[in-house]
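Notes follow the structure.
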Ligand SMILES: [Zn+2]
């Protein structure tokens, strides 16, 4: 174990008993003995995150071309909005990590929407695209007005340095009876267990927590949530994005230079995939809590 790995608690359940399990791209990933989640032995404070998750992140990093994949993203977000609407519509909705606002565009018809993102650049673009109030900063510290019916975060909690504090803050901001919903990878899924260090979502340092189902239950239960429901989420992906993830950034760039027409075609086509390794989570704040 490197010196940096010492002293890291489990970001999911706050457990202190962790053991280094894999090293990916030079980062130690520590497995929690209590909940089975993994924590990247690395810290990304809010100030660093606001730099890291600027426009450049959305044109490389975990996405190849976030805005270029808008149609596939919207299709995913429409499905998410439908799943929420099947549970409850109306009231105020806050999205954490709203990026360019593609989900908020889908949600605006059903809820009075607001968004938060750490990146100022991205927040400006989101404000221009949507009619929503959008705040730049860390949800833990922003002076938001409580009383939301929904607080949602799509593929965001794994990026947070302090997910337990963020979920506790979401609990405080919800109206009594309000709900939280989020998606995140499932390290306890059969795909993740079969692939080990090669699982596609093991991407430190952008991903800081790899939640297990037990880890999500601890995260939500400790904050006071009830009726924790864990399903799975499928995603529409462009073929272009699949090639990027399979080939890696350098080989993908070489391919795009050599066969630009092929890559342009792949960018317009998408497919739907559910490997069962991404959780779709909802939970409720009790009515008698404020
Ligand atoms: Zn844990």
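Each reported figure results from applying straightforward, stated rules to the coordinates on display, with no laboratory input. All values reported here derive from a predicted model rather than from experimental measurement. Note: ideal-geometry Cβ built from the backbone for every residue, glycine included; neighbour counts use all protein chains shown.
In what order do 38, 243, 279 fall by count of nearby beta-carbon atoms within 10 Å, going from fewest to most?
Details: 38 31, 243 18, 279 22.
Fewest to most other Cβ atoms nearby, the residues stand as 243, 279, 38.
Beyond 22 Å, what share of the Cα-Cα pairs of segment 33-133 remains, rounded to the nearest whole percent?
Values: 1959 of 5050 pairs.
Summing the P(r) of segment 33-133 above 22 Å gives 39 percent of all pairs.
For each of 106, 141, 55, count neighbouring Cβ atoms within 10 Å of the residue's Cβ, then give the residues from fewest to most.
Numbers: 106 20, 141 10, 55 13.
The order, fewest Cβ neighbours first, is 141, 55, 106.
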Segment 269-283 to segment 77-95: how many Å between their Cα centroids? 17 Å
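Compute the Cα gyration tensor for segment 60-110, then decide on rounded, prolate or oblate, letting a ≥ b ≥ c be the square roots of its eigenvalues: rounded whenever a/c is under 1.5, prolate when a/b is larger than b/c in the other cases, and oblate in all that remain.
On the way: a/c = 2.64, a/b = 1.98, b/c = 1.33.
Prolate.
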Distance in nm between label sites at residue 48 and residue 33, each 7 Å beyond Cα in the beta-carbon direction? 2.8 nm
For residue 85 and residue 200, extending 7 Å from Cα along the Cα-Cβ vector and measuring point to point gives, in nm, a value of 2.8 nm
Cα shape, segment 97-145, gyration tensor, a/c 1.5 rule: oblate
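As a check on your grasp of the helix formula, calculate [θ] at 222 nm for the chain: sum -39500 (n - 2.57) over DSSP H runs of n ≥ 4, divide by the residue count, round to the nearest 500.
Numbers: 10 runs with 95 residues, N = 290.
The per-residue figure over the chain is -9500 deg cm²/dmol.
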Just to confirm my numbers, what's the Cα centroid distance between segment 205-261 and segment 98-115 in Å? 21 Å
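Percent of Cα-Cα pairs more than 19 Å apart in segment 140-235, please. Walk me through the numbers on the way to the answer.
On the way: 1942 of 4560 pairs.
Considering segment 140-235, 43 percent of its Cα-Cα pairs are separated by more than 19 Å.
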Quick one: give the max-minus-min coordinate of the C-alpha atoms of segment 8-64 along each principal axis, largest first, in Å. 37, 21, 16
What number do you get for segment 229-274 when its Cα radius of gyration is normalised by 2.2 N^0.38 Å, N = residues? 1.38
Zone of residue 17's modelled label, taken as backbone nitrogen in segment 200-220 under 19 Å from a point 7 Å along Cα→Cβ: 212-219
If you split all Cα-Cα distances of the chain into 5 Å bins from zero, what percentages do you get per bin, shortest first? 1, 6, 12, 16, 19, 19, 14, 8, 4, 1, 0, 0, 0
